[in-house]
Amino acid sequence: MRFRRHGMPEYGAALVAEHLAVWPLLDADEQQHLLNDIDQLLASKTWEAARDFALDDTVRVVIAAQAALLVLGLSLEQYRGVSGIIVHPTTLHTRGERPGPSAGTVSADRLAVVGLAQSGRGPVVLAWDQALAGAHRSQPGENVVLHEFAHKLDMLDGVIDGTPVLDRELRDEWVRVCTEVYDDLVADVPRPPMRWYGATNPGEFFSVATEVFFEQPRQLRALEPSLYEVLLRFYRQDPAAREDTLQAR
Ligand SMILES: [Zn+2]
């Protein structure tokens with residue numbers, strides 16, 4: 001069935017509402033926009049299961065929903081470098097050097113990989129159990145789908161340097177703010193809620209910052225307001241404001 005391309009299933013909206021923790025925080029326009037983008041992603045990308053796995057509607061919809069959320073304020077055009085999505089049932093174990101700096105650390109030992117973003121027109125590779133956990137926010141501040149798709153945004157200009165394609169007026173501020181936090185992490189100075197993995201390289205910094213921006217937005221806004229602000233200006237979304245609304249209810 002790998003060559004047939006399906007869009008949103010009939011009960012797709014119910015799947016999104018069931019699994020995407022942020023769904024009730026979106027307004028009606030955002031919800032409709034998200035559903036349209038999910039449909040597009042399902043229909044326009046190649047969805048493949050690893051050998052020991054099979055894709056069902058839940059797997060495809062839950063992953064597409066998170067990818068669509070990331071670019072809700074931008075456009076699906078941002079994913080023109082994503083040829084497809086390959087889903088494994090759980091964490092993959094690889095040995096030795098793997099292609100692409102986005103893969104994280106290179107090691108001769110067995111390496112646990114929950115996701116990968118291949119460069120160029122390559123696919124995004126994900127572990128389903130981690131993708132589902134991310135949708136439900138079961139690991140605070142972590143979301144493998146947002147992480148890997150953020151790498152694809154970073155790669156759009158051909159370099160993985162933690163800087164996606166930015167408007168000129170944002171670029172200087174972006175580099176200044178991100179470099180200041182990154183340099184501290186590299187020097188072992190904690191900058192919560194950023195995780196240490198963000199000190200791996202600038203590409204990982206951007207992907208981790210993206211996870212925190214969407215998954216712990218109020219903490220990021222409170223503790224790292226400048227970082228929150230440049231991410232808000234890039235993504236054109238205000239996830240902390242959504243959570244303020246929830247608190248006010
Ligand atoms: Zn990464």
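The values are calculated or read from the model by the stated rules, or taken from the named source; none is laboratory data. Just so it is clear, the structure is predicted and the values come from calculations on it, not from any experiment. Note that we place each Cβ from the backbone using ideal geometry, even for glycine, and neighbour counts take in every protein chain shown. Surface areas here come from the heavy atoms of the whole protein model, side chains and all, with no ligands, DNA or RNA. Shrake-Rupley method; radii C 1.70, N 1.55, O 1.52, S 1.80 Å.
Length gained on full extension, LEU166 to TYR197, computed as 0.36 nm times the residue gap minus the Cα-Cα distance: 8.8 nm. To the nearest 0.05, what FRET efficiency results for ASP129 and ASN36 with a Förster distance of 25 Å applied to their C-beta separation? With a Förster radius of 25 Å, E is 0.35. The label-point distance for ASP157 and THR46, in a model that sets each label 7 Å from Cα toward Cβ, rounds to 2.9 nm. For the range 34-39, putting each phi into the Karplus relation 6.51 cos²θ - 1.76 cosθ + 1.60 with θ = phi - 60° gives couplings of 4, 4, 4, 5, 4, 4 Hz, in residue order, rounded to whole numbers and with x for Gly and Pro.
Quick check: convex hull over the Cα atoms of the chain, volume per residue in Å³, rounded to an integer?
123
Percent of Cα pairs in the range 182-248 per distance bin of 10 Å, from zero to the largest separation: 23, 53, 20, 4.
Projection of the Cα convex hull of the range 144-222, averaged over all directions and equal to a quarter of that hull's surface, yields 5.0 nm². At full extension, HIS136 and VAL189 could sit 16.1 nm farther apart than now, given 0.36 nm per residue minus the alpha carbon distance. Per-residue 3J(HN,Hα) values for the range 207-222, derived from phi via the Karplus relation 6.51 cos²θ - 1.76 cosθ + 1.60 with θ = phi - 60°, read 5, 5, 4, 4, 4, 5, 4, 8, 9, 10, x, 5, 5, 5, 4, 6 Hz in sequence order (x marks Gly and Pro). Rounded to the nearest 20 debye, the dipole magnitude of the chain is 660 debye, with +1 charges on Lys and Arg beta carbons, -1 on Asp and Glu beta carbons, and the Cα centre as origin. Which Cα, out of HIS93, HIS151, LEU76, lies furthest along the positive dipole direction of the range 12-248 (beta carbon charges, K/R +1, D/E -1)? It is HIS93, whose Cα lies furthest towards the positive end.
The calculated FRET efficiency for PHE53 paired with ARG233, based on their beta-carbon distance and R0 = 30 Å, is about 0.20.
Ignoring ligands, DNA and RNA, what accessible area per residue does the chain give at 1.4 Å, in Å²?
Details: 11640 Å² over 249 residues.
On a per-residue basis, the chain sits at 47 Å².
Binning the C-alpha pair distances of the range 23-96 at 5 Å intervals from 0 yields a P(r) profile of 3, 14, 25, 21, 16, 12, 6, 2, 1, 0 %, listed from the shortest bin outward.
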